[in-house]
Amino acid sequence: MRIVNSRESIIELTKQNPFDRFPDGRPHVPDDIIERMKYVTTEQAWGVLCEHGYFNQFEGNWFRSHPERILVGRAVTAMMVPKRPDLNTLVEETGKVEGRKGGQNSWVIDTLLPGDVMVVDMFGKVKNGTFVGDNLATSLRAHTKAGAVIDGGIRDFQGIRELPDITIFCRGIDPTAIWETTLIGINIPVRIGQATVLPGDVVLGTVTGVIFIPPHLAQKVVERSEDIRMRDTFGKQRLMEGKYTPGEIDTKWTEQIEQDYQNWLKEKKLKT
């Protein structure tokens, strides 16, 4: 069996990707887009995805290790299943042949790169489903400087809470260790609650929840968000000036207001 999905399979899964790729085949959404994504709201991203028929990319109701932080990065996916002895033996034998060290959960972390977000389908298991504690979370931080989305639990929260540069979205905290689970794949399609996630998706985690953005829509998402923020700035300025009423700004703009906005935008760009 293959523990890590092949480059060829990942390319086929993500064939709409318009960007370069990592050596493993995952889409390499540019750093500039990843950085700009930090200012996007969940609702702005959701609007773009729904326009393109992606209705199952959001999942809410998380415990957040660092509620003050936004999580953004490129997905490395992994799936765990309840342990079955014959399957688990095969996975362990495969890992040994491939030279993998430690527990199966650590194998996933070993694949991560800077800017990755580890996305783990842990089938919602919290007790005996703690995918990372403070040691593996420290390794996660060292590898990614981003974090993880775990449809399962974490442990050693007091230590994890002290780590800079990462945030983890999970289903809960428990003192138990990970037990009776088996890793069946890395960089394969996974289900996180009501969302379907592919390797290389852009992960955006906010106070609202987590949304998974296909690479071919990432640029549209950030551009839409930037347009909305700019229009909000213009609208508030004109309201302060008393040029328009709230009713005029809060509805679809007339041609006159739209032209005023375009002129304002040109002046602003000239000044910068």
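In table form, for the structure just shown:
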{"read-out": "Residue pairs, from the table 145/220; 15/125; 38/145; 236/269, whose Cα atoms sit over 21 Å apart", "value": "145/220; 15/125"}
{"read-out": "Summed residue charge, Cβ within 14 Å of residue 100's Cβ, Lys/Arg positive, Asp/Glu negative", "value": "-1"}
{"read-out": "Neighbour-count order for 170, 50, fewest beta carbons within 10 angstrom listed first", "value": "50, 170"}
{"read-out": "Tilt relative to the chain, helix 134-144 - C-alpha long axis, 0 to 90 degrees, to 10", "value": "50"}
{"read-out": "For the chain, calculated [θ]222 nm from helices alone, where every DSSP H run of n ≥ 4 adds -39500 (n - 2.57)", "value": "-12000 deg cm²/dmol"}
{"read-out": "Most mobile of 198, 239, 90 in a GNM of the chain (Cα contacts under 10 Å)", "value": "239"}
{"read-out": "Top positive-direction residue, dipole computed over segment 220-271 with Cβ charges, set 253, 239, 265", "value": "265"}
{"read-out": "Efficiency of FRET between residue 243 and residue 70 - r from beta-carbon atoms, R0 45 angstrom, step 0.05", "value": "0.85"}
{"read-out": "Read-out Kirkwood radius over Cα pairs in Å, derived from the coordinates shown; its label in (1) 18.3; (2) 21.8; (3) 20.1", "value": "(3)"}
{"read-out": "The chain: angle of helix 42-51 to the longest principal axis, Cα-based, in degrees nearest 10", "value": "90"}
{"read-out": "Options 176, 40, 209, ranked by Cα towards positive dipole end of the chain, top entry (Cβ charges)", "value": "176"}
{"read-out": "Selected from 172, 205, 242 as most flexible by GNM, with the chain as the system and alpha-carbon contacts under 10 Å", "value": "242"}
{"read-out": "Test item: Cα-centred dipole of segment 85-133, Lys/Arg +1 and Asp/Glu -1 on Cβ, debye", "value": "220"}
{"read-out": "Chain lengthening between residue 271 and residue 2 when straightened (0.36 nm per residue, less Cα-Cα)", "value": "91.3 nm"}
{"read-out": "Dipole magnitude of the chain, debye to nearest 20 (Cβ charges: Lys/Arg +1, Asp/Glu -1, about Cα centre)", "value": "200"}
{"read-out": "Candidates 190, 119, 203: whichever shows maximal mean-square fluctuation once the chain is modelled as a Gaussian network with Cα springs under 10 Å", "value": "190"}
{"read-out": "Integer Hz, Karplus 6.51/-1.76/1.60 couplings in order for segment 168-178, x for Gly and Pro", "value": "10, 9, 9, 8, x, 10, 8, x, 5, 8, 5"}
{"read-out": "Loop trypsin sites (Lys or Arg not before Pro), segment 122-160 (other Cβ atoms within 10 Å of the site Cβ: 16 or fewer; DSSP)", "value": "145"}
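Readers should treat all values here as calculations from the given coordinates under stated rules, not as data from a laboratory. Predicted model only: the values in this text are computed from it and were never measured. Methodologically, a virtual Cβ is constructed for each residue, glycine included, from the backbone with ideal geometry; neighbour enumeration extends over all protein chains shown.
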